[in-house]
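> Sending over a structure as structure tokens; questions will come in a sec.
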Amino acid sequence: MIPKKFDLDYCKDALLRRKWYLIIPFVLLFSSGIIYAVTTPKIYKADTVILVQRQQVPSSYVRSNITTSLRDRINTIQQQVTSRTNLEGLIKRLGLYASKDPSEQEATMQDKVERMRRDIEIHLHRSAAFSISFTGTDPRKVAEIANALASNFIDEHLKVREEQSIGTTRFLESELARVETTLSEKEAALTAYKKQHMGGLPEDLDTNLRIMEQLNQKVSSLEQRLDEARTQKIMLEQQIVNLKDSAAFVSVDEQDIFASEDVTDGSGQLYKLREQLKALRLSYTDNYPDVVKVKKIIKQIEENQEQEEAQGPLETPSSEGGDSIMTAQQEVFEFQLASLRKTIRDLQSEKARIEKQIGSLKERINDTPNRKLTLISLQRDYNTIKGQYDSLLGKKLQSELAENLEKRQKGEQFIILDPARAPEKPFSPNIPRIILMTLLGALAASFGLAFTVEYLDESFRDFSDLAEFLQIPVLALIPWLQTTTEVRRRHRLKVFAYCLSGCLLVAVCIGVFLWLNGDLQGLVQRIRSLV
């Protein structure tokens, strides 16, 4: 049992007493660790460092179609490179996992592929680089596989970038064709609407208002001219009526009075005809029929007056001469009346035509707000589609540049910075680490076992322990007397323990020597074949 007084002397006695609990577990565990370290197959690891070279053309000139991060692209490429098809090709071409071990010979292709996937490791560095490593038992094949994987990575990277760039371009082309069709439809609808309402569009509003103002002024002018013409018409009609009434009441006995008055009336009528001629000349030329007719009547009246003056004042004019004068005057009035009627009709038709134009302009002006809303809607849809079309067109051209960049391999590339070489030292097992861990574990296990046995042992090792436990004084001590047989048996056990420990240490030393000289694997294979 462990006493209450736990001092250095007791520890030393306990270690001497439990020395076999320390030595045997330590030797067994340490030897097992050494044997495990030297018998475990050597695993080699080869690394290939790949540098990610940015595109050679500045991104401000040509932007790449690839927007995913480097880590995501490496993960995608890793899935493609480590696919079963690619790994089966490498396994068959390089003869991997073709060991004489029955467990490996019975492994299926799927098991070999899964094992190869576990042996592949990709590490992304902080800089623009990453490494591909492969672990295996053959250093030459390990380096060859690492380089083959790096080549596959580079090929798949170029293939993936080109496919993604081409896919982006094709998508933009299809979207551009769809938007172009929609844009053509919107443009045709907008053009047809403008043609249908040409002259009544919002941009024509100011022009229509000015034209309407001018037409209103023309209507006012025509109405004024119509009023004047109607007034003259009424006056001429009244004069014709008066002239007819005067001709009915003239008698032969009043010829002298008629003759005396005719001169005056003829002079007044001549004056009116001349004024009428002046008015006609303001609007027409001398060759106009009305002007020619008036001039002819004036000439006839003047000739009649000259004849009357030549006959003298004593000659009395005949009633036929007075009738001719009144007839000429009536013809002149009727001619003027017909001309006025024609002028009134022309003015009325002109006014109707202008009023019709004014009505059409009013309709256009009144419909302008509604047409403006419709035109704004059509123009907005057209501008939206046009903006989308221009944006897609620019992106398509940019994508075509990026596609050509990838085809010419001027974009981002993977370059092997440090190819894999056959490793000179194994990656696993780590002999120094295993030995150190085995040593520490063996020491902890042996001391723990000795402490446990000492703790569970309830026997008394000293008289002081018995006196303390019984609380009575000890009167005498009887020493332990061993027989000759017991002494011999204890001696044989010691010799056996020493021999076993020595054999284990010798075996460990031989194993380490063979491991350092490279003959241990062959020895292990021969032992396994014998077993």
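> What span do the alpha-carbon atoms of segment 346-459 cover on each of the three principal axes, reported in whole Å from largest to smallest?
So the extents along the principal axes, rounded to whole Å, are 151, 53, 10.
> First select every other residue whose beta carbon is under 13 angstrom from the beta carbon of Leu190; then total the charges, Lys and Arg +1, Asp and Glu -1.
Working: positive: Lys186, Lys194, Lys195, Arg371, Arg380, Lys386; negative: Glu185, Glu187, Asp381.
Residues close to Leu190 contribute a combined charge of +3.
> While we're on this one: For the cross-link pairs Lys233/Lys362; Lys112/Lys425; Lys233/Lys293, which exceed 27 Å when the distance is taken from alpha carbon to alpha carbon?
Values: Lys233/Lys362 34 Å; Lys112/Lys425 25 Å; Lys233/Lys293 19 Å.
Pairs exceeding the cut-off: Lys233/Lys362.
> What is the diffusion coefficient of segment 122-180 in µm²/s, taking the Kirkwood radius over Cα pairs and the Stokes-Einstein relation at 10 °C with a viscosity of 1.306 mPa s?
On the way: Rh = 14.4 Å.
D = 110 µm²/s.
> Test of the criteria: in segment 114-173, which trypsin sites (Lys or Arg not before Pro) are in a DSSP loop and have at most 11 other Cβ atoms within 10 angstrom of their Cβ?
Arg126
> Which entries in the list Lys278/Lys342; Lys194/Lys386; Lys194/Lys395; Lys296/Lys351; Lys351/Lys372; Lys218/Lys295 go over 27 Å, if you measure between the two C-alpha atoms of each? List each step's numbers first, then the result.
Details: Lys278/Lys342 19 Å; Lys194/Lys386 18 Å; Lys194/Lys395 32 Å; Lys296/Lys351 33 Å; Lys351/Lys372 31 Å; Lys218/Lys295 32 Å.
Beyond 27 Å between Cα atoms: Lys194/Lys395; Lys296/Lys351; Lys351/Lys372; Lys218/Lys295.
Read-outs throughout are calculated quantities, based only on the coordinates presented, and are distinct from any laboratory measurement. Bear in mind the structure is a predicted one, so any value in this text is a computation, not a measurement. Using ideal geometry, Cβ is built from the backbone for each residue, glycine included, and neighbour counts are taken over all protein chains shown.
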